[in-house]
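What follows draws every value from the coordinates through simple rules; no lab data is involved. Keep in mind that what you see is a predicted model, and the values were worked out from it rather than measured. Positions of Cβ are generated from backbone atoms using ideal geometry, with glycine treated the same way; all protein chains shown enter the neighbour counts.
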Amino acid sequence: MEKKEKKIERIIAKSFKGELDSKEQIFLDQWISLSQENKKKFGIYEKLWKRSGELLLSNTIDVEASLLKTKKRIPDFRFKRRTSFGNLRVAAAMILAMGLGFLFNYLLGANDLIDGTSGTVYQEVRASYGTRTKILLADGTNVWLNSGSTLKFPVSFDDAEERVVELNGEGYFDVTKNESKPFIVNTSGLDVKVYGTSFNVSAYEEYDSMEVALVEGKVSLVQGAKGSRKEYMVLNPNDVVECSISEKRLSRISDSKMSKYTAWKEGKIVFYGDPIDKVVSRLEKWYNVDIEISDKALENYRFTATFNDESLEQVLKLLSLSSPMEYKIVASEKMKDDSFSRRRVILSIKK
């Protein structure tokens, strides 16, 4: 016989699917009315269920297993108070694998996902290395995340004056237009403010630069909170802006070949007259490797190529066939903690 706690979890899951019989419905109603804590637990489960229905799902979701797994990742499933407001570690992502190379990955219990002062519930989604992830936000905005990228976003924008999300990595945004409620992408460099448009942002925290490529519409690069926000630059379609964070320098070009900035959504790597540092940063994230440029002379070359589902070795071989570059791959090494280091690639000029 199931323990009472397991039983109530399964009944909650069945209630969301509309499969309760009359006895189970009475049992659930009585359980909810027993205490405020039970009511809050049910409310959290209900938010998870409603939110999962807004995400793009292509496979059948195991509701019971998802709820049980979520519950296990919330320590003691109790409210933990750190301040007078309190912070609750919750998991708010029920995300399934999608086909065609896209994979939903979710982080459960890793961050304070309910803001203690505002009560805003957040989700945090990460695209594992070698995968791309597509997310549908509550306002209808579509976001694609590239390999190794993370997006933190509110479950709902209803009570917010602005639609603010936080990006670490690379994302393509197709933003639902709402002029009364601008959309803000926070990054480790500058922020991107939009009202309704399509654009690509590359802003990995470990790199000293960020890049914004505007496909359509209009965006501005800003910094600071609402009320004291400073606008640095307004972009028009086909504008590509690179920001050097340490030097606090912006450079803008117009590039009609937007596909090289957005082709990763379709699983492609596109280089078009790109310097070696651009090639390196793209390959490092795509294949989860560390790449070292041992010859400065490589910085004088530009690379043009398109890759689709090739392995790292195939990409490096093809690049070396069309340039004076050669490469050496250093295998992963076992660390003291039994983990493995990333593979290293050393690039040099052919002798």
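Brief remarks follow.
- Exposure proxy order (Cβ contacts within 10 Å, fewest to most) of D337, D191: D337, D191
- Averaged over residues, the count of other Cβ atoms within 10 Å places the peptides 22-29, 282-289 in the sequence 282-289, 22-29, highest first.
- Between K218 and S180, the contour length at 0.36 nm per residue exceeds the Cα-Cα span by 12.2 nm.
- Net charge dipole size for region 257-351 [Lys, Arg +1 and Asp, Glu -1 on Cβ; Debye, nearest 20]: 200
- Set K152/K265; K181/K230; K317/K351; K218/K260 screened for pairs whose C-alpha atoms are more than 21 Å apart: none
- Pairwise label distance in nanometres, K226 with N238, each label 7 Å out on the Cα-Cβ vector: 3.5
- Fraction of beta bridges assigned by DSSP in region 267-349 that are antiparallel (%, nearest 5): 75
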